[in-house]
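Worksheet for the structure shown next.
Any read-out appearing in this document is the output of simple, stated calculations on the displayed coordinates, not a laboratory observation. Only a predicted model underlies this, so the values are computations on that prediction, with no experimental measurement involved. Cβ placement follows ideal geometry from the backbone for every residue including glycine, while neighbour counts extend to all protein chains displayed.
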Amino acid sequence: MIKSMTGYGGAKGASGKLEISIEVKSVNNRYLDCSVKLPRVFSSCEEPLKSVVQKHISRGKVDVFIIIDSSSADDVEIRLNRPLAEAYLAALREMTEEYGLTGGISAIELSRFPDVLHAEKREADAERLCADITGVLEDALSEFNQMREREGERLSIDISARLEEIEKLTALAEECSPRSAAEYRKKLETRMQEVLQTANIDEARILTEAAIFADRIAINEETVRLRSHIAQLREMLGSVEPVGRKIDFLVQEFNREANTIGSKGNDTEMSRLTVELKSEIEKIREQAQNIE
C-alpha cells in the first residue's frame, strides 16, 4: 500500500517525572529533510532521533516537535558552599573577638550571605531520557504512518480510476486509427477522380498511398507500451516500498506515448481523444507528487 508524503501524528509519555509530548508533521519534498526541535539541554538526543525518523520515512519535509515539561520533577538540589561558609564564619568570629561583640551566629544569618547556598538541577540520565523520548517518538510515528496510509489509499483509488479511463481512451484511439486510414483512402480516391476527370484511376497507386498513410498514423506500438505502463503503475500501487519517484518517471513515459499518438492523429476525433488522454495523465502526475 502506497503512503502519502503528508501526514500528522502525536504522542505523549514520560521519563521519570519529566513529561514528554511529541508531534510529527510532514509535507511534500523531493528528498527526506528532517528537522528535530527539542530543548537545547537535550540536544544530544537529536541525531539518534533523526535516525529513528529515517527508518520510517524516505521522502518529505518532516518536522518533529518535542516538548519536555519538568515542572513536576523534583530534580532541584540545594548545595552548601562549605569553604565559603567557613570563611564567612571565621571572619565573623574574628570580628566578635576583636570588637568585643556579643551574640551568637545562627545558621539563618549565615545562609543570607551571598553564594553560601545555591540551587542546581540534578543531571538527568541522558541515556535513559533518550530511550524514553525514542519510545514516545515511535508512538507518534505509528499514528503518523497510519494517517499517511489512509491518505495513500485515497490516492491509490483516484489513480486507479484514472488508469481505467486511460484504458478506455486507448481503446477508442485504436478504433479511430483504422477509420482514419479508410477515410483518407476515400478522400484520396475522390480527389484523384476530380483531378483526372475519369473513373478509371490507378487502383495500385491508391493502395500504395493509403498503405503509406496507414503506416504513418499507426499507433499500435504506442498503445501496447501505454498498456504496459498501466500494468506497471497498478503493480506499483500495491507495493509496500516507497515508489513515488518511480511513478514520476513512469508518468513521463505515459506523456511520451500520448504525445506520439497525438502527433500521428490527423482528425478531430483523434485530437479530442489525445487531449482527454493527456488530461487524465496530468491528473495522475499531480497525485503522484504526494506519494512517498
Inset, instruction - Could you tell me what % of all Cα pairs in segment 76-121 have separations over 13 Å? - result: 58 percent
Legend entry - Inter-probe distance in nm under a simple model that places probes 7 Å from Cα toward Cβ, at Tyr99 and Arg40: 4.4 nm
Legend entry - Cβ-derived FRET efficiency at R0 51 Å, Ala131 paired with Glu175, nearest 0.05: 0.20
Inset, instruction - Using DSSP to define loop residues, name the trypsin sites (Lys or Arg not before Pro) in segment 1-68 whose beta-carbon has at most 16 other beta-carbon atoms within 10 Å. - result: Lys17, Arg30
Legend entry - Filtered chymotrypsin sites (Phe, Trp or Tyr not before Pro), segment 16-108: DSSP coil and at most 15 other beta carbons within 10 Å: Tyr31
Legend entry - Flagged links, alpha-carbon separation over 18 Å, of Lys3/Lys37; Lys3/Lys246; Lys12/Lys55; Lys3/Lys50; Lys25/Lys55: Lys3/Lys37; Lys12/Lys55; Lys3/Lys50
Legend entry - Full-stretch length increase - Ile157, Arg272 - with 0.36 nm per residue and alpha-carbon distance subtracted: 38.8 nm
Legend entry - His56, His229 arranged by Cβ crowding within 10 Å, fewest neighbours leading: His56, His229
Inset, instruction - May I ask for the equivalent-ellipsoid semi-axes of segment 1-120, computed as the square root of five times each C-alpha gyration tensor eigenvalue and listed largest first in whole Å? - result: 58, 13, 9
Inset, instruction - State, to one decimal in nm, how far the label point of Ser71 lies from the label point of Phe113, with both points 7 Å from Cα in the Cβ direction. - result: 3.8 nm
